[in-house]
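Participant: Got a structure for you, written out below as structure tokens; questions coming shortly.
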Amino acid sequence: MNHARRSNALPAKGRHAGEVAAAAGRIVSIVLLALAASPAWSLTELVYDAEPNNAPHQAVALTPPVEKDIVRILGSLDGQDQDAYLLVIPDEHAGRRFDLALTGRAGALTKLDVFEFTELVDGRGRIPQTLTQRPANVFQLATQQGTRPALAEGLLLSPGTYVIGVSHSGGQGHYEVELSQND
């Protein structure tokens, strides 16, 4: 009578491959944890131009960057198009400074305006379709070069509601806006 013992263990070759895979998984986990704990770690949030966003009440919402994070807007303008992006600076961001970079299409004037809407929003924090007064234009940035961005460093935005408007002198082309925390 042959009583062979059954084993659930992997053959030596398969067992070795399983050990290698487990070790590789542990190494990847350690590397990811080390990167996450690193002070140089940053996150880039990509925001794409989504129509309709021509008017302040249609503005695409942005999340304010913190620490080394970057908000990068990728958009395009055609003809008399303009794009609006909503930026709400919460109270916990009071006193923080921001950097802005604008890159437009070469040979065409591309402008970025920052308007303050804090006093114009309704009770729910929304910008009404019909405004009772013009918002304050708190900052403007412009470029005609398509290769080098126009930069503004250390922009102080008080807690409140802002609209970043991007426009150009006509034609068709792409733009990029980069918003980061300066501190």
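The values are calculated or read from the model by the stated rules, or taken from the named source; none is laboratory data. Everything numeric here is computed off the predicted structure, so don't read it as measured data. Cβ sites come from the backbone with ideal geometry, for glycine too, and all protein chains shown count toward neighbours.
Participant: When you check Arg134 against the structure, is it free of Cβ contacts under 8 Å to residues at least 12 places away in the same chain and under 13 Å from Pro56 (Cα atoms), yes or no?
Facilitator: Working: free of Cβ contacts under 8 Å to residues at least 12 places away in the same chain: yes; under 13 Å from Pro56 (Cα atoms): yes.
So Arg134 passes the test.
Participant: Something else: May I ask you to list the residues in region 71-87 that are over 13 Å from the mean Cα position of the chain (by Cα) and not in a loop (DSSP other than H, G, I, E, B)?
Facilitator: Taking region 71-87 and keeping what is over 13 Å from the mean Cα position of the chain (by Cα), we get 76-84.
Ser76, Leu77, Asp78, Gln82, Asp83, Ala84, listed by residue number.
Participant: Here are the criteria: (1) more than 27 Å from Leu43 (Cα to Cα); (2) touching a His at 6+ places or on another chain (Cβ under 9 Å); (3) at pLDDT 95 or above. Tell me which single one Phe117 does not satisfy.
Facilitator: Only one criterion is unmet by Phe117, namely (2).
Participant: Same structure, new question: What strands (runs of 3 or more DSSP E), lying completely within region 102-183, carry at least 1 residues that are of a type in the set (Ser, Thr, Tyr) and either surrounded by fewer than 20 Cβ atoms within 10 Å (Cβ to Cβ) or touching a strand residue (DSSP E or B) at 6+ places or on another chain (Cβ under 6 Å) (or both)? Working first, answer last.
Facilitator: Values: elements: 110-116, 136-143, 150-156, 160-168, 172-181.
By residue number, 110-116, 136-143, 160-168, 172-181.
Participant: Six or more apart or on different chains, Cβ under 7 Å: which pairs go from a residue in region 36-49 that's closer than 8 Å to Lys68 by Cβ to one that's surrounded by 10 or more Cβ atoms within 10 Å (Cβ to Cβ) and at pLDDT below 60? Could you list them?
Facilitator: What qualifies is Trp41/Leu35.
Participant: Could you tell me whether region 138-155 includes any residue that is touching a residue at least 12 places away in the same chain (Cβ under 8 Å), in contact with a helix residue (DSSP H, G or I) (Cβ under 7 Å, 6 or more places away or on another chain) and farther than 23 Å from Pro65 by Cα?
Facilitator: no
Participant: Another one. Among the listed residues Pro90, Pro56, Pro64, Pro39, identify the single one that is modelled with pLDDT of 50 or more, exposed (fewer than 10 other Cβ atoms within 10 Å of the Cβ) and over 17 Å from Tyr175 (Cβ atoms). Can you show your working first?
Facilitator: Values: Pro56 fails: exposed (fewer than 10 other Cβ atoms within 10 Å of the Cβ); Pro64 fails: exposed (fewer than 10 other Cβ atoms within 10 Å of the Cβ); Pro39 fails: modelled with pLDDT of 50 or more.
The conditions single out Pro90.
Participant: On to the next question. Looking at region 99-110, which of the residues that are modelled with pLDDT under 95 and not β-branched (Val, Ile, Thr) is farthest from the chain's Cα centre (by Cα)?
Facilitator: Applying the filter and picking the extreme gives Gly107.
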